Amino acid sequence: MRIVGLTGGIASGKSTVSNLFKASGIPVVDADVVARDVLKKGSGGWKRVVAAFGEEILLPSREVDRPKLGQIVFSSDSKRQLLNKLMAPYISSGIFWEILKQWASGAKVIVVDIPLLFEVKMDKWTKPIVVVWVSQETQLKRLMERDGLSEEDARNRVMAQMPLDSKRSKADVVIDNNGSLDDLHQQFDKVLSEIRKPLTWIEFWRSRQGAFSVLGSVILGLSVFKQLKIGS
């Protein structure tokens, strides 16, 4: 199975690319969706986060007020690191199970959409790594327009993440999203063609089909061995 890593930064257009993969029939495991599930009321992640940040981060329904929690952690490196530390085991586990579901369904190629791909060291499990890149100026402008933030708040959120230039240097494939939507689609089509290439032998053996082939070979080998033993 080919596990493609997709990452970027806030307001880089990563979600747009993720949706393009989905629309093209490529299964996507979305870390943000997993994170929302991890923070559902009463879950293990919810309990740990509420214990660390207090009940003031809760809505009247007792669900986590995600915008409020975001304001808290984006204004403090230590609190952001604490939240990441609390959430990481639950998110990693959730992503693993989502990948396992796709493997069981017979998917040969999946995309794992993880904003913190490099930060949580999951890049070593994905190949190729696709980074959606924009300049910092474009990132700030789009973030302010999208979320109605002041330049200071937008800059705090951008600076809280690994610089996109650093992510670009670690990428196998870079999608430059500084241009128009048409430009993005043209680049995406090339990326899609690349990841749809035939699986390598290693990728094939990781797939469900490959695992069944190995199992079949083992069973056949044992059967032949048994027949030879009986014949002797």
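The values are calculated or read from the model by the stated rules, or taken from the named source; none is laboratory data. Since we're looking at a predicted model, the values are computed, not measured. Don't worry about glycine lacking a Cβ; one is built from the backbone with ideal geometry, like all the others, and counts go over all protein chains shown. For accessibility, only protein heavy atoms count, side chains too; no ligands or nucleic acids. Shrake-Rupley method; radii C 1.70, N 1.55, O 1.52, S 1.80 Å.
With respect to the stated conditions, VAL132 fails to be over 30 Å from LYS108 (Cα atoms), within 19 Å of the chain's Cα centre (by Cα), surrounded by 14 or more Cβ atoms within 10 Å (Cβ to Cβ) and modelled with pLDDT of 90 or more. The set of residues in the range 95-114 that are surrounded by 20 or more Cβ atoms within 10 Å (Cβ to Cβ) and either farther than 16 Å from LYS22 by Cα or free of Cβ contacts under 8 Å to residues at least 24 places away in the same chain (or both) contains only ILE95.
Output the number of the condition that LYS40 fails; it satisfies all remaining conditions of (1) open to solvent by 40 Å² or more (accessible area, probe 1.4 Å); (2) modelled with pLDDT under 95; (3) part of a helix (DSSP H, G or I). Result: LYS40 fails condition (3) only. Considering the conditions (1) closer than 23 Å to ILE114 by Cα; (2) out of contact with any Phe, Trp or Tyr (no Cβ under 7 Å at 6 or more places or on another chain), LYS40 is excluded by exactly one of them, (2). Among residues of the range 4-28 that are in contact (Cβ under 8 Å) with a residue 60 or more places away in the chain and farther than 13 Å from VAL134 by Cα, those with a beta-carbon under 7 Å from a residue that is open to solvent by 40 Å² or more (accessible area, probe 1.4 Å) and of a type in the set (Lys, Arg) at least six positions away or on a different chain give the pairs VAL28/LYS22. Residue-level analysis places ILE72 among those that are open to solvent by 30 Å² or more (accessible area, probe 1.4 Å) and either among the hydroxyl-bearing types (Ser, Thr, Tyr) or closer than 26 Å to LYS141 by Cα (or both). LYS22 meets all of the listed conditions (1) modelled with pLDDT of 95 or more; (2) in a loop (DSSP other than H, G, I, E, B) but one, namely (2).
Scanning for something open to solvent by 30 Å² or more (accessible area, probe 1.4 Å) and in a loop (DSSP other than H, G, I, E, B), does the range 46-58 turn up at least one residue? Taking every residue of the range 46-58 in turn, none turns out to be open to solvent by 30 Å² or more (accessible area, probe 1.4 Å) and in a loop (DSSP other than H, G, I, E, B). Among the criteria (1) at pLDDT 95 or above; (2) among the small types (Gly, Ala, Ser); (3) part of a helix (DSSP H, G or I), the one ALA35 does not fulfil is (1).
Output the residue which, of all residues in the range 10-37 that are aliphatic (A, V, I, L, M) and under 23 Å from ASP183 (Cβ atoms), is most open to solvent (accessible area, probe 1.4 Å). Ranking the qualifying residues of the range 10-37, first place goes to ALA23. In the range 191-198 there is at least one residue that is modelled with pLDDT of 95 or more and not small (Gly, Ala, Ser). Please verify whether SER15 is of a type in the set (Gly, Ala, Ser), in a helix (DSSP H, G or I) and within 14 Å of the chain's Cα centre (by Cα), treating the condition exactly as stated. Spelling it out, SER15 is indeed of a type in the set (Gly, Ala, Ser), in a helix (DSSP H, G or I) and within 14 Å of the chain's Cα centre (by Cα). Taken over the range 158-195, the criterion of being open to solvent by less than 60 Å² (accessible area, probe 1.4 Å), of a type outside the set (A, V, I, L, M) and out of contact with any strand residue (DSSP E or B) (no Cβ under 6 Å at 6 or more places or on another chain) is satisfied by GLN161, SER166, ASN178, GLY179, SER180, PHE188.
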